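*Asks:* Quick one: the structure is below, questions incoming.
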Amino acid sequence: MSAVRTARRPAAPSGAPPPPETVARDRVALWASAQVTALDAEAPAYGSPAWCAVRTTDPRRAVALITAAEQWRRHSAREAWLDHLADEDPEEWFRIVTADANDYARRIAPALARRPTHAELTARRAVRAPARVVVAAPGWPPVAIPGRPGWWRHHGPRGEQLDLPHNRLQETPR
């Protein structure tokens, strides 16, 4: 667990034991830290292909094992603490478990408040602009008439709009 995340965690309720990551003199954690520091090696993640390729006598292998074991020990201790807290004080357990989600909700609430609701979007779609009249323009091909399949609006020889059942261009008189 990172130091930043551990520092953000709320304190335990008065009757419950403190969270395992806040215990001041954790001998096992101190030993693990001393071992990793003494070995002074950058290790691949435990169980990864890179870790499998490392020789058994390589100190990086031991660093990865100690790091993984310590992370699992802290994870198990935290789960046990949360289980104990759930039995003893369910309200506090719920507050701790949902703290990250509540922080995230507070962060995104302003952006969500600016978004339109479903009712507002529906109302926007209900307002429709009046339909435009289909107009054929001189020099352009005929335009298909919506709602009348097979009919095209043509620009007539005297500038009038003609609806005809074909899309062949009209000859303009000279």
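The values are calculated or read from the model by the stated rules, or taken from the named source; none is laboratory data. For clarity, every value in this text was computed on a predicted model and none was experimentally measured. Because the Cβ atoms are built from the backbone with ideal geometry, glycine has one as well, and the counts that use them run over all protein chains shown. Side chains are part of the model used for accessible areas, which takes the heavy atoms of the whole protein and leaves out ligands, DNA and RNA. Shrake-Rupley method; radii C 1.70, N 1.55, O 1.52, S 1.80 Å.
*Asks:* Out of V36, V97, report the one residue that is in contact (Cβ under 8 Å) with a residue 24 or more places away in the chain and touching a helix residue (DSSP H, G or I) at 6+ places or on another chain (Cβ under 8 Å).
*Replies:* Exactly one residue qualifies, and that residue is V36.
*Asks:* Another one. T37: at pLDDT 65 or above and assigned to a loop (DSSP other than H, G, I, E, B), yes or no?
*Replies:* Here the answer is no, as T37 does not meet what is asked.
*Asks:* Let me ask something else about it. Which residue pairs have Cβ atoms under 6 Å apart, sit 6 or more places apart or on different chains, and have a first residue in segment 61-79 that is closer than 10 Å to A32 by Cα and a second that is part of a helix (DSSP H, G or I)?
*Replies:* Listed by first residue and then by second, the contacts come to V63/V36; V63/L39; I66/A32; I66/Q35; I66/V36; E70/A32.
*Asks:* Here's something else I'd like to know. In segment 95-118, what residues are open to solvent by 90 Å² or more (accessible area, probe 1.4 Å) and in a helix (DSSP H, G or I)? Lay out the reasoning, then the answer.
*Replies:* Within segment 95-118, the subset open to solvent by 90 Å² or more (accessible area, probe 1.4 Å) is 95, 104, 106-107, 112, 114-115, 118.
If the condition is that a residue be open to solvent by 90 Å² or more (accessible area, probe 1.4 Å) and in a helix (DSSP H, G or I), then R95, Y104, R106, R107, L112, R114, H118 are the ones that fit.
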